[in-house]
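In what follows, a structure is listed as structure tokens, so that the remarks can point back to it.
The values are calculated or read from the model by the stated rules, or taken from the named source; none is laboratory data. What you see is a predicted model; the values in this text were computed from it and never measured. Backbone-built Cβ (ideal geometry, glycine too); neighbour counts: all protein chains shown. In case anyone asks, the SASA skips ligands and DNA or RNA and just uses the protein heavy atoms, side chains included. Shrake-Rupley method; radii C 1.70, N 1.55, O 1.52, S 1.80 Å.
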Amino acid sequence: METSLLIPTPSFPSRRLLFSPSAPSSSPSSPFRLLPRLPPRRFRRHGRCRLSLPRCSVSDTAAAASAPAASPAVDPSVFGGPKELSGPQALVCSLPPPARMASSAVLAAAAMAAGFGLGLRVGGSKVAGIGGAAVLGVASGAAVYALNSKVPEVAAINLHNLVAGYDDPTELRKDEVAAIVEKYGVSKQDDAFKAELCDLYSRFVSSVLPPGSENLEGYEVEMIIRFKEALGIDDPDAASVHVEIGRHIYRQRLETGDREADIEQRRAFQKLIYVSALVFGEASKFLLPWKRLFNVTDSQIEIAIRDNAQKLYASKLKLIGRDIEVKQLIELRESQLLYRLSDQIAGEMFREHTRELVEKNISTALSILKSRAKARMGTLQVIEELEKVLAFNNLLTSLSKHSDSGQFAQGVGPVSLIGGEFDGDRKIDDLKLLYRTYAEESFSSGCLQEEKLTALSQLRNIFGLGKREAENIMLDVTSRVYRRRLSRAFSGGDLDAAPSKAAFLQNLCEELHFDPNIASKIHEEIYRQKLQQFVEDGELSEEEVASLQRYRVLLCIHHETIDAAHADICGRLFEKVVKDAIASGVEGYDAEVRSSVRKASKGLRLTTDAAMAIASKAVRRVFMTYIQRSKGAGNRTEAARELKKMIAFNALVVTELISDIKGEPAAPAEPIDVDSKQIDEEDEWESLQTLRKTHPSKELEAKLTKPAQTEITLKDDLPERDRAEIYRTYLLFCITGEVTTVPFGAQIATKKDNSEFLLLNQLGRILGMTGKETVEVHRNFAEQAFMKQAEVILADGQLTKARIEQLNEVQKQVGLPAEYAQKVIKNITTTKMAAAIETAVSQGRIGIQQVRELKEANIDLDSMISERLRESLFRKTVEEIFSSGTGVFNEAEVYEKIPSDLSIDADKAKGIVKELAKTRLSNSLVQAVALLRQRNRDGVISSLNDMLACDMAVPAEPLSWSSPEELADLYCIYLKSIPKPEKLTRLQHLLGISDSTAAILRDTAERGALPIGDEEEEFVF
């Protein structure tokens, strides 16, 4: 297949292409056209039908596109004029078949008789007569044959004249053609008659098919089938005619140099393929070898069929209007099947057609809506157009649910603008405008009816609006209507006269299908607007308060909402006053500023809690500014100065600000009200010197002014760790005082005052620290100071009486309680002792006995000795038991007590014992044999005892040895040591000595025959 068939037509004409993409006027659904080539010469059969193909006349395309009419009459001139008969043909035509056969026989007989007579007369013999008869018989036979050969031609001429004689060739009847065939006794397969049939059919098909620039009207297939059946032409012959027409179209394309004419020929070929497919049906697949003859693909053939079917179906859809009927839908379905159009494409085309009908109404409505001279009548026209859209949509929806919907055209259902002219971001605003207009008109009666609500839902689906978009439009429109209705009810007194304000508002929401929660927000907004209007002068009068109270009652607004509105609106004004007061600073907070604060606090009718919350937010912001400056200071002294500024700001500004907000008069100095629980906690820690200094003496209390406020703190703004660190920073400053750096990098304290501890107390209150947290900072400070000096005193970890007295003196200096001092001392000594004990264990200087002694001294060895070292100590102890030479193994001691003393898992300890016993058992035998050979009798006995101890831990099987005599010697030596019977029996088992051998050795020992000399012992090797 040529790959050029799958690409668009180039900008210049190509002599290889017959069909390429259509001109802009063609259907956009057909991006590629069929591209056949001339068939090879081998497919041109000899004797094929001769075709005379006149050019089709151009019809009025506009009239054809408007509405398909009845099948028009074919001009009989396409077949040419009547044909004249020659002399012999006229003779044949005048003779009926019987007369023609009889005359032929008579002529042949007469010629033979005349020949016989002529030969007899000339030759004078009978042989010459027979020869003359034969010669004239052959001549007469040739004449008869020539005469009969004219019969198909005469039949063809009569058929031609018959067809050409009709004003409308489609009125030709099949019996008339059959009569001609019967009259002349010809067959349709005779060349002359067959050629005439093909010529007539070709002329008719060519006249019926419209030119390439025109579309099919829909009647062409029916006319061709009717004429083909009337002619009685066979399908293979008719198919060859269609193929020849295709070849003719191809030749015309080669003769044409015009691009537009080339496009027309391509379209003509497509229409030929489509019409041929409908004429021959399924047989067209093998009767019409388009692929083989013109080198086209199945997809290109399908495109040709689809495009023409779409054009025919589109012409049918143009007859469908908004008043569609069931009969029309059934006819559309029949036409779709007739045109061989797929259900999917037919459904898309039907939906597109209905969408276009709706788009016309929408365009009209938009043009009216956007006109400058829009008035009330214009809005009614817009609503009328939208009602048409809804009515058409309801009609299609009801038809889609019809009982006979299976026989209807595909695509019947609700209308949607998706995929059409109004499907885009640029048009969505216009659709929203129409939706809003219809929604506003739905409330023209003051309420929203159920049918209008349903219509709005359908309109949203038609426009393709999102649920949230439609809800926003409805919310806006309904909110305006609700406000309008509420305003009339408020001003007209209906709301005042209602016995239940809540029931009145609820009924209003139900009439408008409005969400009560959103209505409550509107009430709040109305109240806020009034409140904002009233507080423009900076305060609320009694009349304004009463008016606001009326609004609250009529609109059923909750107290929480009222308080929140006042806190927000009045709070912003009050916050400005507070910020101005704070910005005045320590020196600028005078009587005028205090008066403005008192006026705003009282005039704005804020609750004390709300006013304090606003002031607290502003004050804490200033406090945090001081804290940030303190953290960014270069040294401790600068940091402490920033904290002192914050303490002064709190005492001189914030305290007075809170007093003015609460409306408290100026009062004499009062003692600080401290929580009794906090006093009790601090009394317990009175020994801490730094904490005791934070409490002023009676003389100093008399000099102090009014105590600073403690209501606004930074407890929720800073984490506990940061607050403790800030407090600790100032505590160090109180202890060290101001430090000045002198030349050579030295630092000296230039100023130190115990009164700083009183400011430290105020700092703790500003930071929101509890008494427990404050005490914890002081204790940690004292503990760190004591620990530093204790580490120096206990450098070697030895705690003597002199050192204890020295540590007690340091404890008194820092004021640390004795229990914490003892804990510090214990930690230091324990840490140093742990290092020493671990070193001793690793070096082997501490065994299980020393461990038990340390435990009796209440020393926690588990934290001092690692688990690995404790396991190593256990392993070493077990090895000592297995190498002690006593032959004793105490299971309770090894499996329970020692693991308990060393805090080792019992199962793990048993595993270690079994592992060592198995290894030590074989080693003890080897060692015993080695000592036997060295004549070391005591060593042999010790090794055998070790072997027995291992056997007690893990009972073993008899051991193997290469020399049984040496095993017997071992047994004899152990026998001489007079062991316990059970040990001797177990040794016999381990050495693999039989009972008979053991009995002989024991008898020998009883007789004293064994070599038991102390100085000289003979061993058998």
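Listed here are the residues, each with its yes/no results for (1) small (G, A, S); (2) touching a Phe, Trp or Tyr at 6+ places or on another chain (Cβ under 8 Å); (3) part of a helix (DSSP H, G or I).
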| residue | (1), (2), (3) |
| --- | --- |
| A304 | yes, yes, yes |
| A309 | yes, yes, yes |
| S335 | yes, yes, yes |
| E356 | no, no, yes |
| S367 | yes, no, yes |
| S371 | yes, no, no |
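Considering the range 520-551, and only residues there that are aliphatic (A, V, I, L, M) and closer than 18 Å to S491 by Cα, the residue that is farthest from the chain's Cα centre (by Cα) turns out to be A546. When the range 711-723 is filtered for residues that are open to solvent by 70 Å² or more (accessible area, probe 1.4 Å) and within 28 Å of I661 (Cα to Cα), the ones remaining, listed by number, are E711, K715, D716. Kindly indicate whether V208 is of a type in the set (A, V, I, L, M, F, W, C) and surrounded by 21 or more Cβ atoms within 10 Å (Cβ to Cβ). For V208, the condition - of a type in the set (A, V, I, L, M, F, W, C) and surrounded by 21 or more Cβ atoms within 10 Å (Cβ to Cβ) - is met.
When residues in the range 419-471 are screened for being in a loop (DSSP other than H, G, I, E, B), closer than 20 Å to E385 by Cβ and of a type in the set (A, V, I, L, M, F, W, C), 3 of them pass. Evaluated against (1) part of a loop (DSSP other than H, G, I, E, B); (2) touching a residue at least 12 places away in the same chain (Cβ under 8 Å), I978 falls short on exactly one condition, (2). Looking only at residues in the range 470-519 that are touching a residue at least 24 places away in the same chain (Cβ under 8 Å) and among the aromatic types (F, W, Y), the one that is most open to solvent (accessible area, probe 1.4 Å) is F490.
Here is a yes/no grid of residues against (1) at pLDDT 85 or above; (2) under 56 Å from the mean Cα position of the chain (by Cα); (3) closer than 19 Å to D590 by Cα:
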| position | (1), (2), (3) |
| --- | --- |
| M624 | yes, yes, no |
| I627 | yes, yes, no |
| T637 | no, no, no |
| N650 | yes, yes, yes |
| V654 | yes, yes, yes |
| L657 | yes, yes, yes |
| E664 | no, no, yes |
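Is it true that D568 is surrounded by fewer than 18 Cβ atoms within 10 Å (Cβ to Cβ), among the charged types (D, E, K, R) and touching a Ser or Thr at 6+ places or on another chain (Cβ under 9 Å)? In short, no. Of all the residues in the range 993-1010, those that are modelled with pLDDT under 80, part of a loop (DSSP other than H, G, I, E, B) and under 19 Å from L932 (Cα atoms) number 1. Each residue in the range 337-352 was checked for being closer than 12 Å to L312 by Cα and assigned to a helix (DSSP H, G or I), and 4 of them qualify.
Would you confirm whether any residue within the range 1011-1018 is more than 30 Å from V954 (Cβ to Cβ), open to solvent by less than 70 Å² (accessible area, probe 1.4 Å), modelled with pLDDT under 80 and of a type outside the set (G, A, S)? Within the range 1011-1018 (the criterion being more than 30 Å from V954 (Cβ to Cβ), open to solvent by less than 70 Å² (accessible area, probe 1.4 Å), modelled with pLDDT under 80 and of a type outside the set (G, A, S)), the answer is yes, since at least one residue qualifies. Considered as a group, the residues in the range 809-848 that are open to solvent by 60 Å² or more (accessible area, probe 1.4 Å) and modelled with pLDDT of 75 or more include one that is farthest from I793 (Cα to Cα), and that residue is E819. For the range 571-582, give me each residue that is surrounded by fewer than 18 Cβ atoms within 10 Å (Cβ to Cβ) and more than 26 Å from Q549 (Cα to Cα). Scanning the range 571-582 gives K579, D580. Would you mind stating whether K501 is among the basic types (K, R) and more than 25 Å from E441 (Cα to Cα)? It is true that K501 is among the basic types (K, R) and more than 25 Å from E441 (Cα to Cα).
The residues listed here are E587, E539, E592, E544; of these, the one that is outside any helix (DSSP H, G or I) and of a type in the set (D, E) is E539. What are the residues in the range 411-432 that are open to solvent by 60 Å² or more (accessible area, probe 1.4 Å) and within 17 Å of G321 (Cα to Cα), if any? Within the range 411-432, P414 is the sole residue that qualifies. Taking the range 898-908 as the range and being of a type outside the set (K, R), in a helix (DSSP H, G or I) and surrounded by fewer than 21 Cβ atoms within 10 Å (Cβ to Cβ) as the test, the residues that pass are S900, D901, A906, D907. Looking across the range 329-343, the residues that are in contact (Cβ under 8 Å) with a residue 24 or more places away in the chain and either open to solvent by 50 Å² or more (accessible area, probe 1.4 Å) or touching a strand residue (DSSP E or B) at 6+ places or on another chain (Cβ under 7 Å) (or both) come down to L338, R340, S342, D343. The set of residues from the range 213-232 being over 14 Å from S276 (Cβ atoms) and not in a helix (DSSP H, G or I) comprises S213, E214, N215, E217, G218, Y219, G232. Taken residue by residue, the range 583-592 has at least one member that is under 18 Å from E539 (Cβ atoms) and either surrounded by fewer than 19 Cβ atoms within 10 Å (Cβ to Cβ) or of a type outside the set (K, R) (or both).
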